1. If you take just the helices (runs of 4 or more DSSP H) that sit entirely in region 163-249, which of them hold at least 1 residues that are more than 24 Å from residue 269 (Cα to Cα) and in the same structural domain as residue 23 (by TED's automatic domain parsing)?
2. What are the residues in region 82-124 that are of a type in the set (A, V, I, L, M), over 11 Å from residue 12 (Cα atoms) and more than 14 Å from the chain's Cα centre (by Cα), if any?
3. Tell me yes or no: at least one residue of region 256-270 is in a loop (DSSP other than H, G, I, E, B) and either outside the structural domain of residue 122 (by TED's automatic domain parsing) or touching a Lys or Arg at 6+ places or on another chain (Cβ under 9 Å) (or both).
4. Given (1) under 30 Å from residue 247 (Cβ atoms); (2) touching a helix residue (DSSP H, G or I) at 6+ places or on another chain (Cβ under 8 Å), identify the lone condition not met by residue 73.
5. Assess whether residue 150 counts as being part of a loop (DSSP other than H, G, I, E, B), within 27 Å of the chain's Cα centre (by Cα) and surrounded by fewer than 14 Cβ atoms within 10 Å (Cβ to Cβ).
6. When you check residue 4 against the structure, is it assigned to a loop (DSSP other than H, G, I, E, B) and either in contact with a helix residue (DSSP H, G or I) (Cβ under 7 Å, 6 or more places away or on another chain) or modelled with pLDDT of 95 or more (or both), yes or no?
7. Residue 114 - would you say it is surrounded by fewer than 22 Cβ atoms within 10 Å (Cβ to Cβ), of a type in the set (Phe, Trp, Tyr) and touching a strand residue (DSSP E or B) at 6+ places or on another chain (Cβ under 9 Å)?
8. Within region 280-291, can one find any residue that is at pLDDT 90 or above, loosely packed, with under 14 Cβ neighbours inside 10 Å and more than 20 Å from the chain's Cα centre (by Cα)?
Amino acid sequence: MKLNLKRPLAFFDLETTGVNVASDRIVEISILKAMPDGTENVKTLRINPGIPIPLESSLIHGIYDEDIRHERTFKQAGEELARFLDDCDLAGYNSNRFDIPVLMEEFLRAGIDFDIENRHTVDVQNIFHQMEQRTLKAAYQFYCGKDIENAHSAEADIKATYEVLKAQIERYENQNWEDKRGLVSQPVQNNIEALHAFTNLNKPVDFTARMIYDDNGVEIINFGKHKGRSVEEVFQTEPSYYNWMLNGDFPLYTKRCLEKIWNRFHAKKEQIRSNKQNLEAAEKAPQNTPHNPNEEAKPITNDHLEQLKMKFGK
């Protein structure tokens, strides 16, 4: 089947030095860009991570230090990747929790402006886990009836993921799904906006879901002692929490989202302070009593004349 796309959808997969979003680095990225006209474009790059690849990671993806010793760093290759992904929505397998956050960390470290906020993100694993609860290998077998050749190769995995998404849409497009509140819908559609909504049910602010949106679109802390409280409420009662997160071991993109909320919070406080000052100034200003043209003129008395003589010395 052909995906119903309004703009390119880039399926991508990363091989990395490990699984820590904040500190591990990309050693290979493969992207399959599905175009609205049905054509496909594949790009695969190996990246020198600038740090040693742990043996346990190399044993999984088959990439060793000597394999990438002479490859470009992400800072050198990042602009090319940003151009290739320009105007693309993003898709992958477990991409919302791992691949996209890791990619954003690399772009931020390299100082490359890559806007994620106006893109739709479709996590095929979320559709799969919410509908069938399986792994990519099982998903490929379940939906496509075949095994992945050369599994753990980034290119093989993204091609399998691409086929799985198309098979998922064919299987579930008119199937009812009931959420935890008992609401029934048909969320799996050949529509990227609908798939974006279904694969982001927890409404993350920052992909690692340290902060999430509530039903009213308010950012909520989703971990630790302040879990369940709005971010702005925490800023109001414990301003030092902002600095703690900003200086802590959190992903750079999480910190960027936090900083954006902090700046908005302070802009609102400054506006309230300015409005209060203007109101106080208006209340203190002298009130001039307007002249009433209908009021009758009072007659001039001798007292008035004496006061005028004293004032003008006449």
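The values are calculated or read from the model by the stated rules, or taken from the named source; none is laboratory data. No experiment lies behind these values; they were computed from the predicted model shown. Every residue, glycine among them, receives a Cβ derived from its backbone with ideal geometry; neighbour counts consider all protein chains shown.
1. On the way: elements: 192-198, 231-237, 240-246.
In region 163-249, the matching helices (runs of 4 or more DSSP H) lie at 192-198.
2. Result: 82, 110, 112, 124.
3. Within region 256-270, the subset in a loop (DSSP other than H, G, I, E, B) is none.
No, region 256-270 contains no residue that is in a loop (DSSP other than H, G, I, E, B) and either outside the structural domain of residue 122 (by TED's automatic domain parsing) or touching a Lys or Arg at 6+ places or on another chain (Cβ under 9 Å) (or both).
4. (2)
5. Working: part of a loop (DSSP other than H, G, I, E, B): yes; within 27 Å of the chain's Cα centre (by Cα): no; surrounded by fewer than 14 Cβ atoms within 10 Å (Cβ to Cβ): yes.
So residue 150 fails the test.
6. Details: assigned to a loop (DSSP other than H, G, I, E, B): yes; either in contact with a helix residue (DSSP H, G or I) (Cβ under 7 Å, 6 or more places away or on another chain) or modelled with pLDDT of 95 or more (or both): yes.
Considered against the rule, which asks whether it is assigned to a loop (DSSP other than H, G, I, E, B) and either in contact with a helix residue (DSSP H, G or I) (Cβ under 7 Å, 6 or more places away or on another chain) or modelled with pLDDT of 95 or more (or both), residue 4 comes out as yes.
7. It is false that residue 114 is surrounded by fewer than 22 Cβ atoms within 10 Å (Cβ to Cβ), of a type in the set (Phe, Trp, Tyr) and touching a strand residue (DSSP E or B) at 6+ places or on another chain (Cβ under 9 Å).
8. The first filter runs over region 280-291 and keeps only residues at pLDDT 90 or above, leaving none.
No, because not a single residue in region 280-291 is at pLDDT 90 or above, loosely packed, with under 14 Cβ neighbours inside 10 Å and more than 20 Å from the chain's Cα centre (by Cα).
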